[in-house]
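First up is the structure itself, then whatever we jot down about it.
Values in this text are rule-based calculations from the coordinates and carry no lab data. Keep in mind that this is a model prediction, so the values were computed, not measured. With ideal geometry, Cβ positions are generated from the backbone for all residues, glycine too; neighbour counts draw on all protein chains shown.
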Number of protein chains: 2
Amino acid sequence: MLKEGLKLVISGPSGSGKGTIVKELIKSENFKLSVSATTRAPREGEKNGVHYFFKSREAFEKMIVEGELLEYAAFCENYYGTPKVFIEECVRAGKDIILEIEVQGAKQIKAIYPDAIFIFVVPPTLKELEKRLVGRNTETKEVIQKRLERAKEELSLYKEYDYIIINDNIEQAAKYIQEIVRIEKLKSHRFQEAISTLVNNQGGI
Amino acid sequence: MLKEGLKLVISGPSGSGKGTIVKELIKSENFKLSVSATTRAPREGEKNGVHYFFKSREAFEKMIVEGELLEYAAFCENYYGTPKVFIEECVRAGKDIILEIEVQGAKQIKAIYPDAIFIFVVPPTLKELEKRLVGRNTETKEVIQKRLERAKEELSLYKEYDYIIINDNIEQAAKYIQEIVRIEKLKSHRFQEAISTLVNNQGGI
């Protein structure tokens, strides 16, 4: 039964730790990470279809025109986008696919995949968020202050999500997401076929 | 945060094993079982407020008139019913309360408690259901046949429930229900206060 995989949108402010949680999750074979398409050249060791789908500018623009991308953006003169076909093939193959998305992009995805599960990763405190941003050692004080302000704004969008994960422990956060997936698969709308088999053929679920 | 407990309605056809699952669940202190009110006399060892709330006929009829019962029925010249106040006190005290209800009664409860979680316990096969009903050794073949027919009808009501639990293993079924409770508490609508604390006071969630 329950053949279709789930689409999991994992989002949260910068510094919430969503990327680390995703890395933890994809250690399990049940999860697949959505692979982006890009027009930039492959770097050493990068494999087509694993790290990115590498496309020519013409091929990428054709994907845009034909509505094959869930979302896309231009960055440093290259395109980056999320091909729908990869997601949909994974789901049909029964894999749960993870889309790690910035807060601003999540709404766009809800319009296209209303059946996706939206998970919002939240830091335990703003102090902790600040600590993580400072710890990265990559941004100036000013940038960090801006990110904190933006995080506050983004946090107020929590209602757009189905579930909230307070990330004070990566393993626990990943465990919660695994449970969400298990429990979402017990939702009654997924049992139409199973119940009808049970009732009509006296077969097993 | 997350102070309020959940109301769990556990239902399923006769022989689905819902009663055994409930017994397994209430071994945990987090769960409280809803206590019914009745006009019948206490049997030896039965304690008021534990096994039943023992009421006079007048007191029970007053509860009916004043809308204090979630549902009630008369059986062998006595009344049996579910007092709302007990459920609501438990929930306010942060306990998750279990209502074990026949399939026909569950709909009635949804109208009063739309925020309750509705769980439908289902046998793995009709053959297994039959085996369990026969194993009880309390009913005639005819009664068992009627129960099977009724189970088929009841199974077709699965869509009225939030979650389906296939009961081929009591411990696993109870574990799923515990996970449902844990995951339901991560639903975003329960985080209003927590997020506002996080954003406004820089406090912890």
Practice problem: Pop out the ³J(HN,Hα) list for the range B:104-119 in order, Karplus 6.51 cos²θ - 1.76 cosθ + 1.60 with θ = phi - 60°, rounded to Hz; leave Gly and Pro as x. | Solution: 5, x, 5, 4, 4, 6, 4, 5, 8, 10, x, 8, 5, 9, 9, 10
Quiz prompt | Cα-based Rg / Dmax (Å) for the protein assembly as shown | solution = 25.9, 84
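Taking each residue in B:123-136, count the Cβ atoms of any other chain within 10 Å of its Cβ, then average. What number comes out?
Working: counts 3, 4, 7, 7, 3, 1, 2, 1, 0, 0, 0, 0, 0, 0.
The mean count of partner-chain Cβ atoms within 10 Å per residue comes to 2.
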Quiz item: Which of the aspartates and glutamates could a cross-linker bridge to residue A:141, judged by Cα under 12 Å and excluding same-chain residues fewer than eight apart?
Solution: A:130
Quiz prompt | Peptides B:41-52, B:119-130, A:79-90 ordered by average Cβ neighbours within 10 Å, highest first | solution = B:119-130, A:79-90, B:41-52
Quiz item: For the residue pair residue B:64 and residue A:46, what label-to-label distance in nm results when each label sits 7 Å from Cα along the Cα-to-beta-carbon direction?
Solution: 7.5
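Which value does Rg/Rh take for the range A:53-135 over its C-alpha atoms, Rh per Kirkwood? Can you show the working numbers first?
Details: Rg = 16.0 Å, Rh = 15.1 Å.
With Rh from the inverse mean 1/r over Cα pairs, Rg/Rh is 1.05.
Over 21 Å between Cα atoms: which of B:18/B:107; B:7/B:175; A:27/A:95; A:110/B:159; B:3/B:159 fall into that group?
Values: B:18/B:107 17 Å; B:7/B:175 17 Å; A:27/A:95 14 Å; A:110/B:159 24 Å; B:3/B:159 29 Å.
As for pairs spanning more than 21 Å Cα to Cα, those are A:110/B:159; B:3/B:159.
What's the Cα-based Rg to Rh of chain A, Rh via Kirkwood? Show your work: numbers first, answer last.
Values: Rg = 19.0 Å, Rh = 18.8 Å.
Radius of gyration over Kirkwood radius for chain A works out to 1.01.
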Self-check item: Within chain B: Cβ-based charge dipole about Cα centre, in debye rounded to nearest 20 (Lys, Arg +1; Asp, Glu -1)
Solution: 260
Quiz item: From the square roots a ≥ b ≥ c of the eigenvalues of the alpha-carbon gyration tensor of the range B:35-94, which class results: rounded (a/c under 1.5), prolate (a/b over b/c), or oblate?
Solution: oblate
Quiz item: Relative to the Cα centre, what is the charge dipole magnitude of the range A:35-94, using +1 at the beta carbon of each Lys and Arg, -1 at the beta carbon of each Asp and Glu, and rounding to the nearest 20 debye?
Solution: 120
Exercise. With a point put 7 Å past each Cα toward its Cβ, work out how far residue A:56 is from residue A:127 in nm, to one decimal.
Key: 5.7
Quiz item: Using +1 on the beta carbon of Lys and Arg, -1 on that of Asp and Glu, and nothing else charged, what's the dipole of the protein assembly as shown about the Cα centre, debye to 20?
Solution: 440
Self-check item: Distance between modelled label sites at residue B:136 and residue A:108, nm, 7 Å Cα→Cβ extension
Solution: 5.7
Self-check item: Average other protein chain Cβ within 10 Å of Cβ, residues B:161-167
Solution: 5
Quiz prompt | Cβ-Cβ FRET estimate between residue B:171 and residue A:4, R0 fixed at 35 Å, reported to 0.05 | solution = 0.80
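Need one value for B:183-191: mean number of C-beta atoms belonging to other chains within 10 Å of its residues' C-beta atoms.
Values: counts 10, 2, 2, 12, 4, 11, 4, 2, 9.
Mean number of neighbouring Cβ atoms from other chains: 6.
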Quiz item: Rounded, prolate or oblate: which fits the range B:73-121 when a ≥ b ≥ c are the square roots of the eigenvalues of the alpha-carbon gyration tensor, with rounded for a/c under 1.5 and prolate only if a/b beats b/c?
Solution: oblate
